[in-house]
Amino acid sequence: MELQEILKSLCSIQDPSAAVVTLALDVSKARNRVLDRLGSEELPAAAREILRGVSGRISRYLETQLRPETEGLFLVAGPGLWQPFALGVPVQDFIHVGRTPYLAPLLEALTRMPRAYVLRFDQQEGILDEVLMGARKEIERLSSAVVERNAQHQMSSHTTLQAGSARSATRMGGGGRDRFQHCVEDAVEAMLHKAADRVLALQQEAPSESIYAFGDRKHFPFFRDRLPAGLRSQAIHVGPVPHRHEELLDKSIREQQASRLRNRIDGEILEFQARRAEQCHVASGPEEILRHLDTGKVARVFLDPGDPLTGTKCAACGARAGAGKEKCEACGSSLAATSMTQEVLSHVLLHPPVPLTFVPRGESWLEESGGMAALLSEKGIHSRR
Ligand SMILES: [Zn+2]
């Protein structure tokens, strides 16, 4: 099943016994202590009981299924339910027990591992990789004509040496070297053009936010300038190919992705604050935002993935209310505890998508906005289906 489909199906789970466990685990910490960490949390007795029920399976999963490159584990478990996600980025330990899965830590982690295309090149070849879910995998090797010409060149200079005097061989060899250098430049240019065309095709199939190139700076423009104008700004020359240590490559890609994401979040927060200063098309708090989501007026939601924002929901009519209420105002049925953050995320995943900004912990402006904020569109452009 596609990731998006899995997320949607998780959003529609409603367990009346409230025994759905959502875990985010930093698996880089000592693995055998993971379950101690779970048990020691300040959880209600009922939640601890549910955790004990799944702890054996979690231990076995950690011991036998986890790949070495996994840094974080996200897991939804419950009655008839077992959905792990191995993550290539670290996550903070987090536990949620309730009637529904709590997907915010997973969605936040996914924003830190967007798809990217990576080109490594030298004079001989270009290698195209795709980075997805934090893992890099080779797609294609494009060899340049340099390798062939190099062989021809060596043969022809060998013949020259045998045929003429030492002096004329040197002179001729010099001219040959110039010609050879031209051939090399042409071959590298042709290969990088081929790489750019291939990346364009990949982008059309599965768009990515960025294209990272490793190789010499001098030849990089052959690649970048071949891309259509709209893609050129995404192509970033990161540096030379780290030949000895492959993991340095992955590290630089991760750093590039992290700094791009940070800049984007900073920009989105600045835009929100400017709009709020003018009291212009903003909403605060989950209840107000959910009302606007229902009418399709929300352009972007800002939330803290580590804060589930407890509220209540009517099991009969689906109406939501603040925490601590017992009876539904609309139909009089009893209300059950729910995470308002998850209510918003379900809406975003199940209806036409609304962009999200995951705000880092401890931003006081978000707390002042009731833990969640939104930019509203001037018109209701996202009409509800
Ligand atoms: Zn109701």
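The values are calculated or read from the model by the stated rules, or taken from the named source; none is laboratory data. Since the model is a prediction, treat every value here as computed from it, not as a measurement. So basically every Cβ, Gly included, is an ideal-geometry build from the backbone, and we count neighbours across all protein chains shown.
Structure summary
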item: Filtered residues of segment 1-41 (kept if of a type in the set (Val, Ile, Thr) and at pLDDT 90 or above); result: ILE6, ILE13, VAL20, VAL21, THR22
item: Residue, farthest from the chain's Cα centre (by Cα), within segment 175-234, restricted to residues that are among the β-branched types (Val, Ile, Thr) and under 18 Å from GLU138 (Cβ atoms); result: VAL199
item: Segment 71-97 residues that are among the acidic types (Asp, Glu), paired with ones that are surrounded by fewer than 19 Cβ atoms within 10 Å (Cβ to Cβ) and assigned to a strand (DSSP E or B) (beta carbon under 7 Å, 6 or more apart); result: ASP93/ASP26
item: Residue in segment 364-385 that is modelled with the highest pLDDT, counting only those that are loosely packed, with under 14 Cβ neighbours inside 10 Å and part of a loop (DSSP other than H, G, I, E, B); result: GLU378
item: Total residues in segment 335-358, condition part of a loop (DSSP other than H, G, I, E, B) and either within 14 Å of the ligand (Cβ to nearest atom) or touching a residue at least 24 places away in the same chain (Cβ under 8 Å) (or both); result: 4
item: Residue identified as more than 24 Å from GLY267 (Cα to Cα) and acidic (Asp, Glu) among GLU378, GLU343, GLU367; result: GLU343
item: Candidates GLY311, GLY296, GLY306, GLY322, filtered to the one that is out of contact with any strand residue (DSSP E or B) (no Cβ under 7 Å at 6 or more places or on another chain), among the small types (Gly, Ala, Ser) and either on the phi < 0 side of the Ramachandran plot or away from the ligand (no atom under 16 Å from the Cβ) (or both); result: GLY296
item: The listed residue being hydroxyl-bearing (Ser, Thr, Tyr) and out of contact with any His (no Cβ under 8 Å at 6 or more places or on another chain), out of SER377, SER346; result: SER346
item: Wholly within segment 44-137, strands (runs of 3 or more DSSP E) carrying at least 2 residues that are farther than 17 Å from SER252 by Cβ; result: 72-78, 81-87, 94-98, 125-132
